[in-house]
Amino acid sequence: MSSEHAVTSPEITFMPEHESGTKKIWRTFWVLSFLTIIELSLGLAIYNIHQAAEPNASLVLFFKGVVCILTLAKAYYIVSIFMHLGDEIRNFIMTILVPLSLFVWFLTAFLIDGTSWKNLRHRYMDKHETEQVAPAATEKGAKD
Amino acid sequence: MSTAAQQETKWWNGGRSPFNASYGKVMMWYFLMSDAFTFGAFLISYATLRFSLKDWVDSNHVFNAFPFCGHTNLPLAFVSLMTFILIFSSVTMVLAVHEGHKMNRKGVEKYMILTVFGGLAFLSCQAWEWTHLLTGEHFILAANGAIETLNTTVSHNPWGPQASATAAINALQHSSPEVLRSLISEETHTSVESLKGLPLSDLVAKATPIISEGFHIGTAGPVSFGSYFFEITGFHGFHVLSGVVINIVMYIKTLRGDFDKRGHYEMIEKAGLYWHFVDLVWVFVFLCFYLI
């Protein structure tokens, strides 16, 4: 195997070493499958908790948090090994990963915003709703 | 130190790529980064709306069907199949890239066609799921106090909280005979035709025991569920479709020996980046719509 074919342009002075075997690829496949199976079993656990008369909300939240972390792990394996980003040079990795850190603000700010809407709805709309429900209940009572 | 400084100035002096990657590959990465922001914005908007509402839909209730299994309750089953199809087609894609590095045309051909089949299988699954949601009629207690049927569209959502049996039974007499006929025929397996002559009071009398025996009548849920679901899975599905088209083009170019003539299989690598990105997005769509 000559290394000439690997040079795609005179501007590129070296190519990252590519493993000759496919062991790493298959290992990543098994890791991804394993993580997905854990996610699915946690999803089914959440489903079963919801079947109960009084679902344990904090346990559901904990399981959902674990599923989120497992998803980030899957994303890491896909990007680093399948997309070979881990084989690129450090500066290049940074130009892609540093802008993505904007997501930290993006997610935090908007989820806080969503929670704020919920609180405002609770404060102003729910009161209104109970006022509307009250006469409906008496109407039903009158019919009975 | 001095050699490092010298090397650094050399990197950016022109004549070579500072990232040691071809222009096309670098730009593909930057495109994917911007696409990640597009998908991220969609998903964060969905999350914001979901955080702002007290009730959302129970995804295990919505996505519990499997082709040819009728009404069997199989939460998460079909979406796991879709996820594994996409993971597997990612593996065949990375194997194609691997064969490309070795300049093995036959290997690239084999794995590219497998990747195309994986993409088509995923799209077929999504087509089935969309059809199932769009055509599946569900009985709900509407705001006007009647029972109506609703399918899941961008403007309809029948997956709200369950109505109480008493409220549902009270609603029967306000409902249209058509809805009652389809409710009775669906649950007792009688034909709609045989119920055509019956007056409304008879239909109500037939429908009441069905509900008191535990047939669930839902309510209308937040409309934004359907809009977000179809928007985001549709946008992702469109990415899958364009990925399949790109992969077919790459397959044909491999068959024609274009990459052998060029001396490298870097195009397969770039198409692979796009295809893996599609899988990456699915990981997050799977998380946001089906798991949590």
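Taken together, the values in this text are just the output of simple stated rules run on the coordinates, not laboratory data. Model, not experiment: these values are computed from the prediction. Glycine also receives a Cβ, built like all others from the backbone with ideal geometry; neighbour counts cover every protein chain displayed.
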Notebook entry, point to check: Roughly how many whole Å is it from the C-alpha centroid of segment A:44-69 to that of segment B:180-215?
Noted result: 37
Check: Which whole-angstrom value gives the distance between the alpha carbon centres of segment B:113-157 and segment B:236-265?
Finding: 32
Check: Three principal axis extents, largest first, for the C-alpha atoms of segment B:169-229, in Å?
Finding: 42, 22, 20
Note to self: Below 13 angstrom from the Cβ of residue B:39, what's the summed charge of the other residues (Lys, Arg +1; Asp, Glu -1)?
What the structure shows: -3
Next item on the list: Find out how many positive minus negative residues lie around residue B:137, taking Lys and Arg as positive, Asp and Glu as negative, among other residues whose Cβ is under 10 Å from that of residue B:137.
Entry: -2
Notebook entry, point to check: Per residue of B:277-287, what is the mean number of Cβ atoms on other protein chains within 10 angstrom of that residue's Cβ?
Noted result: 5
Margin query: For a quick check: sort B:187, A:39 by the number of other beta carbons within 10 angstrom, fewest at the front.
Written below: B:187, A:39
Checklist line | Shielding of A:58-65 by partner chains, average beta-carbon count, 10 Å | finding: 1
Check: How long is chain B along each principal axis, judged by its Cα atoms, biggest number first, in Å?
Finding: 92, 42, 23
Check: If the limit is 32 Å between Cα atoms, which of A:24/B:253; A:64/A:118; A:23/B:270; B:54/B:196; A:64/B:270 go over it?
Finding: B:54/B:196; A:64/B:270
Check: Highest mean first, what order results for B:53-59, A:85-91, B:64-70 on Cβ atoms within 10 Å?
Finding: B:53-59, A:85-91, B:64-70
Notebook entry, point to check: With a 10 Å Cβ neighbour count serving as the proxy for reagent exposure, in which order, fewest first, do B:154, B:94, B:245 appear?
Noted result: B:245, B:154, B:94
Check: Looking only at Cα atoms, what is the convex hull volume of the protein assembly as shown per residue, in Å³?
Finding: 174
Notebook entry, point to check: For the residues B:25, A:74, what sequence is obtained by ranking on other C-beta atoms within 10 Å, fewest first?
Noted result: B:25, A:74
Check: When the helices in chain B are scored as -39500 (n - 2.57) per DSSP H run of 4 or longer and the sum is shared across all residues, what 222 nm value do you end up with, to the nearest 500 deg cm²/dmol?
Finding: -22000 deg cm²/dmol
Margin query: Can you list residues from other chains, or at least 5 along the same chain, whose modelled amide H is less than 5 Å from the amide H of residue B:176?
Written below: B:147
Note to self: Sort B:268-281, B:139-152 by the packing proxy (mean of other Cβ within 10 Å over each peptide's residues), most packed first.
What the structure shows: B:268-281, B:139-152
Notebook entry, point to check: ³J(HN,Hα) across segment B:24-41 via Karplus (A = 6.51, B = -1.76, C = 1.60, θ = phi - 60°), whole Hz, x for Gly/Pro?
Noted result: x, 5, 4, 5, 4, 4, 5, 4, 5, 5, 5, 5, 4, 5, 4, 5, x, 5
Check: Using the Karplus equation 6.51 cos²θ - 1.76 cosθ + 1.60 (θ = phi - 60°), what ³J(HN,Hα) coupling, rounded to whole Hz, does each residue of segment B:181-187 give in order, writing x for Gly and Pro?
Finding: 4, 6, 4, 5, 5, 5, 8
Checklist line | Derived scalar couplings ³J(HN,Hα) [segment B:241-258; Karplus, 6.51 cos²θ - 1.76 cosθ + 1.60; whole Hz; x for Gly, Pro] | finding: 4, 5, x, 5, 4, 4, 5, 5, 4, 4, 4, 5, 5, 5, 4, 6, x, 4
Next item on the list: Tell me which residues come under 5 Å, amide H to amide H, from residue B:219 once H is placed; ignore anything under 5 positions away on its chain.
Entry: B:141, B:160, B:163
Checklist line | Farthest positive-ward along the protein assembly as shown dipole, Cα basis, beta-carbon charges - from B:88, B:230, B:63 | finding: B:88
Next item on the list: Could you please report the charge total around residue B:25, scoring K, R as +1 and D, E as -1 over all other residues with beta-carbon less than 11 angstrom from its beta-carbon?
Entry: -2
